[in-house]
Each structure stands twice: as structure tokens, then as C-alpha cells.
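Structure, as C-alpha cells:
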């Protein structure tokens with residue numbers, strides 16, 4: 001072994017006065033940081049493998065454990081930061097591409113934090129959502145270009161298929177394989193009770209989720225895993241995944257060790273084989289090709305299901321969205337570069353794509369300018385941390401939002417960013433049976449529901465303050481937004497005024 | 001009667017039920033004193049059997065026709081007619097451990113006397129159930145025999 005010093009990231013501190021040597025930490029840590037001394041009784045700790053997932057801290061009955069940042073000072077250098085040096089050491093040792101999980105941790109600007117919301121004062125009344133009806137029901141799907149009405153007032157226009165959601169929040173695509181069945185089941189149960197949808201990702205639909213097909217978005221991605229006629233028909237709508245915000249232009253790779261019997265059945269691939277999703281769809285090389293796939297999917301489902309196209313937010317996003325709309329997509333999901341992932345090459349995750357705020361504003365504006373905004377529904381994705389982010393996204397033009405990281409945090413995720421290792425101590429991003437059972441869907445669906453219900457209340461509260469009683473009146477209502485500390489150009493792209501204007 | 005049922009598919013093998021059982025049956029009722037300093041050391045009535053792949057918390061079934069009660073030579077082990085809880089009268093128990101030998105579930109522990117689960121009869125819910133982090137223990141009346 002050559003000399004290859006990479007300091008550990010964290011230190012687990014055990015308070016000996018509080019520790020009762022119950023060994024809970026020893027049995028819970030999948031990274032095997034905790035272990036027993038030779039006497040078989042005294043719990044010891046080796047912090048080298050600690051990822052700060054906080055499982056031991058949370059489970060310790062006496063609060064004897066604490067995670068600290070491990071500081072090993074390097075000579076100060078604003079350019080060659082310790083992180084770059086460590087990554088070079090890691091690559092020098094392995095020769096491999098660096099992999100990471102979750103969304104980018106880099107300090108790129110978060111425009112949500114630079115946008116402020118409006119409220120009513122004197123000239124128009126605010127509304128109390130506890131006393132007056134407040135509508136957050138959201139309807140996705142292609143709307144007819146114009147309505148024709150017969151004499152009695154009945155519409156004579158044939159309505160394309162619509163999807164009714166009781167909240168503008170949906171759960172983003174996370175495949176069975178990248179997350180555990182228990183995690184996906186929790187989301188499915190929550191979606192059903194909340195009147196919203198969960199997304200199967202590219203992993204096919206596990207037979208255990210057959211009761212939840214009416215709240216499932218089924219994805220057709222470049223690997224086409226698990227796609228068959230029943231899969232397409234057992235859904236609320238179909239999503240063609242072109243790209244993912246965390247890794248635009250990059251395919252997926254589910255390592256063979258995660259492809260157990262269950263995953264292999266759901267994906268329709270041999271057990272233990274790597275599930276490789278190519279970077280492009282090999283039958284889509286143009287908007288015309290996309291049109292053909294959308295048409296085929298609609299034919300396969302007797303024109304009963306809307307078809308969505310999910311793209312990553314990249315430089316030409318507005319033109320691409322316009323193309324997708326013209327290719328016949330009913331719903332277009334744009335995934336910003338802060339979006340999460342089970343595994344992505346670190347360099348791609350941290351450097352490719354653009355923020356959802358700018359992409360969404362640009363796409364919405366382009367569609368409006370071209371007069372085709374109402375022909376599709378826009379779904380924004382890519383890191384919504386709270387209800388205010390959702391309200392801002394809707395005011396920027398989104399019909400609905402995709403959330404994944406927030407529900408994962410509700411289910412126990414502590415953003416340790418090591419989903420790719422398959423050792424998730426919380427039973428989320430793992431297929432190991434002893435870890436998967438740690439996530440009890442009966443508990444976790446309640447927590448996810450609580451979270452979304454809380455956000456729904458807050459959205460209503462914020463809308464009430466603006467004097468708006470329906471989410472439809474908020475949609476694309478950029479007058480409700482003001483920028484703070486933004487440049488002229490940023491304000492121009494976002495299509496909002498500066499605070500004080 | 002209400003009994004504690006273990007769901008092995010949800011048991012984490014964390015063994016916190018043992019820690020909280022021990023605390024609930026200690027003199028101090030303080031988790032650190034009970035598990036570190038108390039003498040005699042309190043005994044956990046529940047035991048998690050198995051390993052990380054498959055485990056379950058095993059405790060007294062409070063049988064309808066308890067073998068331990070039948071076998072008790074002093075009449076210390078009694079099944080309460082009203083609540084159905086099988087308890088040891090420590091004044092009468094002489095520690096002969098015949099009950100331990102006959103219990104088909106291995107749910108009698110050795111202390112100064114025979115020690116066993118009393119379903120934390122002064123509480124609404126046994127400590128093991130209350131503190132299970134994954135709802136792997138259920139306190140319910142499913143009818144039938146335990």
C-alpha cells in the first residue's frame with residue numbers, strides 16, 4: 001500500500017459517563033464504526049468509516065453519542081482546498097470516477113432565498129384560510145386550445161385526459177433498486193392518502209404496490225426496465241425520463257449487487273446483473289423521435305393516460321421545453337441541478353446544469369410567448385426545501401412540484417450523501433434485508449403525510465396572506481414575487497421586479 | 001387479554017426493549033443508574049433472540065394454562081383471574097426455579113427469585129412496547145391463546 005492520507009470526516013464521541021454499554025450502536029451501524037472490546041461488554045468506536053448518518057446518535061437511549069467534524073488542518077489555500085486535495089488522493093489511489101449521492105452540496109446561489117413574497121395590506125383584503133375555503137387542488141394535463149359550448153352551456157370539446165391532485169406537491173422519481181421497497185411503499189401509501197402521486201422511477205412496479213397503481217407515475221427511461229403493457233396501463237400518467245437534474249446527460253448504473261430477486265423481477269433483468277441505463281434513449285435522437293415515442297405510449301394506453309417528459313435543466317431548456325410541448329407531451333417536468341440522486345459522478349453533479357428557478361422562469365416565459373403554455377402542464381423539480389419554495393415555484397409558472405429529498409428526510413435520511421454505497425442505515429437507499437426492515441412503512445407514511453399536510457397548510461396560509469384563494473390564481477403570478485440582491489439580468493430572466501419596485 | 005406480540009419482520013435487533021424493561025423494573029427508574037450502578041442489577045424480562053438478519057423480542061405469553069403456575073411448589077406463581085397476568089409473589093418464591101425448567105418459551109429469568117414479565121401492570125403500555133423504535137412490538141388483544 002502506498003502512502004495515501006485522507007483524513008477521516010467525522011469523529012464519534014462517546015460520553016463514557018452516559019454510555020450504558022447496551023450495544024445498540026454496535027448492532028445498528030452498517031459502517032461498523034462501533035464494536036465491542038474483547039470483554040464483549042465495553043462498546044468502543046472507530047470513527048474512520050463514519051459518514052455522519054446519525055443512526056447511532058438517534059438510537060442511543062442515553063444520548064451518549066455525538067458526531068463531531070474531524071479537523072485536520074491543511075496549510076491554508078483558497079485554491080487548493082483540502083477537499084480537492086483529498087479527491088485527488090482518492091483518484092490517485094483508485095483511478096476511478098468519483099461518485100456521490102444526493103444533490104450538490106456546493107454553495108451555488110439558491111434563488112428561492114433571494115425571492116420575497118407579497119402580502120395584502122389595506123387596498124385588498126387578505127384571506128383567513130381557517131375560515132374561508134382555500135383551493136390547492138391542482139389539475140395536470142393538456143388543456144384544449146379553445147372551448148366551444150352548445151346552447152345549453154355544455155362543453156362540446158373533448159377533454160384530453162387530466163390528472164387531479166389534492167396538493168401541488170408530488171413525489172419525484174425514485175426507483176425500486178435505488179431506494180428500498182419499504183421506502184417506495186411508504187411514499188405510495190402517503191400519496192394515496194394525500195391524493196397525490198408517487199413516481200416509480202426506472203425500476204418497474206413491484207407487485208406489492210399493485211394497490212397503489214392509481215397514484216403511480218410510471219417512468220419509461222433509457223434502460224426501459226420493467227416496461228410492459230400492464231405497467232403502462234396501471235398508472236395515472238406515464239413519464240418519459242430524458243434527463244435528471246443531478247446528472248444531466250448521464251445515464252444510470254444500478255450495480256449488480258443491488259439487483260436481488262425482487263429488483264430483478266420488477267426490472268425484468270437477470271438477478272445480479274448491472275442495470276445500466278444508457279445516457280440517451282437510443283430511439284430518441286430528435287424531437288420527431290420523441291414525438292413517435294409519446295404517440296406509441298399513448299396508443300399503448302388507448303389515449304387514456306397523459307404522457308410527461310422529464311428533462312434536466314440545461315442551458316437551452318426553454319427551447320427544449322417548447323420542442324417537447326410540440327412533440328405532444330402533456331406534462332413537462334424540469335429538474336434543476338440541485339436535485340438529488342442515488343448516485344452520480346461527483347463532477348457532473350457539481351458542475352452540470354442550471355438552477356430550477358431560472359430554468360422554470362425561462363421555460364414558462366417561452367411557452368407563454370409562443371402561445372402554447374396552456375397546452376401543457378409544467379412540473380418543477382430539483383430541491384424544494386419548504387412550502388415557501390413551492391409557492392415561489394408556482395408563482396414563477398410551475399403547475400406542480402416534485403419533491404423527493406424532503407420526504408426522504410421525513411423518513412429518516414440525514415443527508416450523509418452516501419446513498420451510492422448501499423449501506424443506508426435508515427433503510428432507504430439500500431437493498432440489504434437487515435437494513436430495509438428498519439424502515440417501517442406504517443410509521444413512515446404517516447410522517448410523510450404529516451410533512452405534506454403541514455406544507456399544504458403553509459401554502460394556504462401564504463396564499464391567504466396574498467389575498468389569493470386558489471392555487472390557479474397564484475400560478476405564473478410573478479407580481480407576487482420580488483427579488484432581493486439580484487442583478488438586472490437575473491431579474492430579467494426570472495421575470496420579476498426588485499424589492500421596492 | 002392484551003398481550004405483547006413481536007413482529008420479527010420489523011425487529012431491528014437494537015435491543016432497546018431490554019434496556020427499557022430493565023429500567024422500568026429497577027429501583028431508581030433512571031436509565032443510567034439502572035443500567036450502570038444499581039445493585040442488585042435489575043433484570044430485563046424481555047430477551048431479543050436472533051441476529052441482525054432475523055430477530056424477535058421474546059417475553060412471557062401469559063398462557064391461558066400456564067405451566068409455571070402448575071409447577072410452582074409454593075404457590076408463588078399465580079395467574080390473576082381478572083387481568084390474566086401471570087405474576088410471581090416474591091414473598092412466597094423460594095427461588096427453586098422449577099418454573100424456569102417448565103416454561104416452554106424460556107421466559108423466566110433468574111434473579112434472587114424467579115423474575116418474569118408483569119406487562120408493566122401499573123402502566124397503560126409495557127415499557128418494551130412504548131419504547132420500540134420501529135413498532136416491532138404490539139400490545140393488543142388478538143383473542144385466542146397466547
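The values are calculated or read from the model by the stated rules, or taken from the named source; none is laboratory data. Treat the numbers as computed from the prediction; the structure is a model and nothing was measured. Glycine gets a Cβ as well: all are built from the backbone with ideal geometry, and neighbour counts include every protein chain shown.
Things to note:
- Scanning the stretch A:471-496 for residues that are surrounded by fewer than 16 Cβ atoms within 10 Å (Cβ to Cβ) and over 16 Å from residue A:397 (Cβ atoms) returns A:484, A:485, A:487, A:488, A:489.
- Filtered residues of the stretch A:312-327 (kept if touching a strand residue (DSSP E or B) at 6+ places or on another chain (Cβ under 6 Å) and within 17 Å of residue A:142 (Cβ to Cβ)): A:321, A:324
- Filtering the stretch A:310-345 to residues that are farther than 21 Å from residue A:202 by Cα and assigned to a helix (DSSP H, G or I) leaves A:317, A:318, A:319, A:320, A:321, A:322, A:323, A:325, A:326.
- Counted as qualifying within the stretch A:21-74 are the strands (runs of 3 or more DSSP E) with 1 or more residues that are touching a residue at least 40 places away in the same chain (Cβ under 8 Å) and touching a strand residue (DSSP E or B) at 6+ places or on another chain (Cβ under 7 Å), namely A:65-69.
- Among the residues of the stretch A:221-234, the one identified as out of contact with any helix residue (DSSP H, G or I) (no Cβ under 6 Å at 6 or more places or on another chain) and surrounded by 23 or more Cβ atoms within 10 Å (Cβ to Cβ) is A:221.
- When we screen A:407, A:433 for residues that are in the same structural domain as residue A:309 (by TED's automatic domain parsing) and in contact with a helix residue (DSSP H, G or I) (Cβ under 9 Å, 6 or more places away or on another chain), the only hit is A:407.
- Strands (runs of 3 or more DSSP E) (entirely within the stretch A:79-198) containing at least 2 residues that are touching a strand residue (DSSP E or B) at 6+ places or on another chain (Cβ under 8 Å) and over 30 Å from residue A:294 (Cα atoms): A:115-117
- Residues of the stretch A:353-372 satisfying the condition of being under 19 Å from residue A:326 (Cα atoms), free of Cβ contacts under 8 Å to residues at least 60 places away in the same chain and either in a helix (DSSP H, G or I) or touching a helix residue (DSSP H, G or I) at 6+ places or on another chain (Cβ under 9 Å) (or both): A:359, A:360, A:363, A:366, A:367, A:369, A:370, A:372
- For the stretch A:442-462, a residue qualifies if it is out of contact with any helix residue (DSSP H, G or I) (no Cβ under 6 Å at 6 or more places or on another chain) and more than 14 Å from chain B (Cβ to nearest Cβ), and the qualifying residues are A:450, A:453, A:454, A:456, A:457, A:460, A:461.
- Residues of the stretch B:9-37 satisfying the condition of being more than 9 Å from chain A (Cβ to nearest Cβ) and in a loop (DSSP other than H, G, I, E, B): B:25, B:26, B:27, B:28, B:29, B:30
- Here residue B:46 clears all of (1) within 11 Å of another protein chain (Cβ to nearest Cβ); (2) touching a helix residue (DSSP H, G or I) at 6+ places or on another chain (Cβ under 7 Å) except the condition numbered (1).
- Filter result for the condition that a residue is over 15 Å from residue A:449 (Cβ atoms), modelled with pLDDT of 95 or more, assigned by TED's automatic domain parsing to the domain that holds residue A:344 and more than 17 Å from the chain's Cα centre (by Cα), over A:182, A:199, A:193: A:182
- Hits in the stretch A:268-284 (condition: surrounded by fewer than 12 Cβ atoms within 10 Å (Cβ to Cβ) and either modelled with pLDDT of 95 or more or in contact with a helix residue (DSSP H, G or I) (Cβ under 7 Å, 6 or more places away or on another chain) (or both)): A:270
- The single condition among (1) within 13 Å of chain B (Cβ to nearest Cβ); (2) within 19 Å of residue A:430 (Cβ to Cβ) that residue A:62 does not meet is (2).
- Selection of first residues in the stretch A:114-126 that are modelled with pLDDT of 95 or more and of second residues that are surrounded by fewer than 14 Cβ atoms within 10 Å (Cβ to Cβ) and not in a loop (DSSP other than H, G, I, E, B), restricted to Cβ pairs under 9 Å at least 6 apart or on distinct chains, gives the following pairs, ordered by first then second residue: A:118/A:479.
- Residue among A:356, A:372 that alone is touching a strand residue (DSSP E or B) at 6+ places or on another chain (Cβ under 6 Å) and in the same structural domain as residue A:258 (by TED's automatic domain parsing): A:356
- Taken together, the criteria exclude residue B:28 from residues that are closer than 14 Å to residue B:126 by Cα and either without any contact (Cβ under 8 Å) to a residue 12 or more places away in the chain or touching a helix residue (DSSP H, G or I) at 6+ places or on another chain (Cβ under 9 Å) (or both).
A quick yes/no check of all residues on (1) surrounded by fewer than 23 Cβ atoms within 10 Å (Cβ to Cβ); (2) modelled with pLDDT of 95 or more:
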position	(1), (2)
A:394	no, yes
A:408	no, yes
A:418	yes, no
A:449	yes, yes
